[in-house]
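Novice: My structure is below; once you've seen it, I'll send some questions.
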Amino acid sequence: MVKMNPFITSGYRSEKYFCDRIEETRFLTKQITNGNNVALISPRRLGKTGLIDHCFHQPEVKNNYYTFLIDIYATKNLQEFVFEFGKSILQGLKPQGKKIWETFLSTLSSLRTGITFDETGNPSWNLEMGDIKSPSVTLDEIFSYLKKADRICLIAIDEFQVIAKYPEKNIEATLRTYIQHCTNACFIYSGSQRHMMGEIFTSPSRPFYQSTTILDLKPIGFENYAAFIERHFIENGKKINKDTIEEVYRLFDGTTWYIQFVMNFLYADTMEKETCTVGKIQLTLDEILSQMDFTYSSLLYQLPPKQKEVLMAICKEGKIKEVTSSRFLHTYKLTASSVQGALKGLLEKDFVTAELGVYSVYDRFFERWLKRL
């Protein structure tokens with residue numbers, strides 16, 4: 001029988017393959033099952049979505065609540081937000097049975113003609129974005145369902161900070177009003193851009209001020225992560241040196257997704273009764289970067305020249321705070337105005353991230369690939 005690779009790189013499988021987060025799971029579960037909304041903040045790829053999935057799979061949650069995870073990262077306006085909101089609720093209700101999802105569909109008067117059914121009689125969200133003629137009406141219908149659902153609904157909205165970029169006016173105030181009056185639901189607002197999430201939830205002038213508990217997610221501690229990795233190697237007849245784990249953890253600053261991805265490859269390249277050593281790390285990274293060569297080459301080719309120059313400069317620095325300092329500008333032959341203009345574009349495209357005023361290349365694999373040029 002083929003054994004499954006225990007290092008998951010996407011989605012949630014089960015508690016067995018979920019590392020640590022015991023205190024965070026306890027805290028988040030306690031908050032949402034006691035009527036408190038939570039703003040979950042951390043850099044991307046640190047495991048926010050995995051933590052939410054893990055909480056939603058806890059018996060006290062799974063057996064008593066309806067749970068929905070809505071990813072709005074790619075949305076650009078209220079219409080797209082409503083589209084993803086409705087789609088996620090229908091997908092979440094389908095396993096609950098016909099009576100449950102029929103209740104939801106019966107409230108969507110504005111979209112009913114756009115819902116189709118497959119050969120088994122289950123509804124399919126085959127709507128086009130243009131089918132949502134009046135987003136505010138459909139949003140009202142969705143919240144009408146949430147108010148009357150036969151279970152309390154727990155709704156996680158991933159990358160919540162993007163609502164601040166929607167062109168419509170007063171989006172935050174509109175959503176805050178709906179949520180405030182929806183006593184049959186609790187919300188998790190998950191976000192990866194700390195400064196934007198901070199402004200939404202901690203600024204007295206913003207509608208969501210003091211409306212949530214804030215959970216600032218940190219990297220999983222090394223000792224706990226090392227024990228998790230060692231256990232999975234041993235359970236499958238393999239071994240891994242602790243210094244190998246420590247080096248991977250150090251290379252990616254404890255960022256969950258990168259550690260999982262590298263460990264997935266290291267595990268696959270380690271035979272039964274073999275020990276995974278530090279020497280395998282560079283070979284694994286070379287293999288990963290080779291697989292991504294076409295994607296990264298295409299991304300770099302699409303960048304305007306000034307953005308490419310600033311991206312390469314930040315990459316060489318690793319992390320940089322004073323991007324308009326004379327040293328940085330002189331070293332890379334840049335001007336303050338060109339850096340500021342390029343940074344705006346790089347941040348919008350997620351090539352660069354800013355954490356507490358420190359700039360770095362967002363994708364750590366991309367950063368390593370760039371350093372090879």
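Novice: Does segment 56-66 contain any residue that is in the same structural domain as residue 197 (by TED's automatic domain parsing), under 25 Å from residue 181 (Cβ atoms) and assigned to a helix (DSSP H, G or I)?
Specialist: yes
Novice: What helices (runs of 4 or more DSSP H) lie completely within segment 258-373 and have 2 or more residues being farther than 27 Å from residue 164 by Cα, of a type outside the set (A, V, I, L, M, F, W, C) and out of contact with any Gly (no Cβ under 8 Å at 6 or more places or on another chain)?
Specialist: 279-291, 293-302, 305-317, 326-331, 364-371
Novice: Quick check: is even one residue across segment 39-49 in a loop (DSSP other than H, G, I, E, B), touching a strand residue (DSSP E or B) at 6+ places or on another chain (Cβ under 8 Å) and farther than 30 Å from residue 177 by Cβ?
Specialist: Taking every residue of segment 39-49 in turn, at least one turns out to be in a loop (DSSP other than H, G, I, E, B), touching a strand residue (DSSP E or B) at 6+ places or on another chain (Cβ under 8 Å) and farther than 30 Å from residue 177 by Cβ.
Novice: Check off (1) surrounded by fewer than 16 Cβ atoms within 10 Å (Cβ to Cβ); (2) part of a helix (DSSP H, G or I); (3) within 23 Å of the chain's Cα centre (by Cα) for residue 102 and give me the number that stays unchecked.
Specialist: Of the numbered conditions (1) surrounded by fewer than 16 Cβ atoms within 10 Å (Cβ to Cβ); (2) part of a helix (DSSP H, G or I); (3) within 23 Å of the chain's Cα centre (by Cα), the odd one out for residue 102 is (3).
Novice: In the set 83, 160, which member is modelled with pLDDT of 95 or more and either among the aromatic types (Phe, Trp, Tyr) or not assigned by TED's automatic domain parsing to the domain that holds residue 191 (or both)?
Specialist: After ruling out the rest, the residue left standing is 160.
Novice: Related question: Evaluate the following for residue 231: is it at pLDDT 95 or above, in contact with a Ser or Thr (Cβ under 9 Å, 6 or more places away or on another chain), charged (D, E, K, R) and part of a helix (DSSP H, G or I)?
Specialist: Judged against the criteria, residue 231 is not a match.
Novice: Using beta carbons and a limit of 6 Å, which pairs, at least six apart or on different chains, have the first residue in segment 194-212 and in the same structural domain as residue 43 (by TED's automatic domain parsing) and the second one among the basic types (Lys, Arg) and modelled with pLDDT of 95 or more?
Specialist: Qualifying pairs under 6 Å: 200/206; 207/176; 208/176.
Novice: Another question, if that's okay. Scan segment 245-289 residue by residue and report those that are over 28 Å from the mean Cα position of the chain (by Cα) and either of a type in the set (Ser, Thr, Tyr) or closer than 29 Å to residue 217 by Cα (or both).
Specialist: The answer is 270, 275, 277, 278.
Novice: Looking only at residues in segment 3-30 that are assigned to a helix (DSSP H, G or I) and hydrophobic (A, V, I, L, M, F, W, C), which one is surrounded by the fewest Cβ atoms within 10 Å (Cβ to Cβ)?
Specialist: Among them, the one singled out is 22.
Novice: Filter segment 277-291 for residues that are surrounded by 13 or more Cβ atoms within 10 Å (Cβ to Cβ) and polar (S, T, N, Q); which is nearest to residue 364 (Cα to Cα)?
Specialist: Result: 284.
Novice: For the condition over 18 Å from residue 220 (Cα atoms), out of contact with any Gly (no Cβ under 6 Å at 6 or more places or on another chain), modelled with pLDDT of 95 or more and not assigned by TED's automatic domain parsing to the domain that holds residue 226, what is the one hit in 3, 16, 30, 48?
Specialist: 30
Novice: Would you say residue 338 is surrounded by fewer than 18 Cβ atoms within 10 Å (Cβ to Cβ) and modelled with pLDDT of 95 or more?
Specialist: For residue 338, the condition - surrounded by fewer than 18 Cβ atoms within 10 Å (Cβ to Cβ) and modelled with pLDDT of 95 or more - is not met.
Novice: Could you list, in sequence order, the residues of segment 341-366 that are surrounded by fewer than 17 Cβ atoms within 10 Å (Cβ to Cβ) and within 23 Å of the chain's Cα centre (by Cα)?
Specialist: Hits for segment 341-366 are 344, 345, 347, 348, 349, 350, 355, 356, 357, 358.
Novice: Would you check if residue 243 is without any contact (Cβ under 8 Å) to a residue 12 or more places away in the chain, assigned to a helix (DSSP H, G or I) and loosely packed, with under 13 Cβ neighbours inside 10 Å?
Specialist: no
The values are calculated or read from the model by the stated rules, or taken from the named source; none is laboratory data. Keep in mind that what you see is a predicted model, and the values were worked out from it rather than measured. Here the Cβ is made from the backbone with ideal geometry for all residues, glycine too, and neighbour counts use every protein chain on show.
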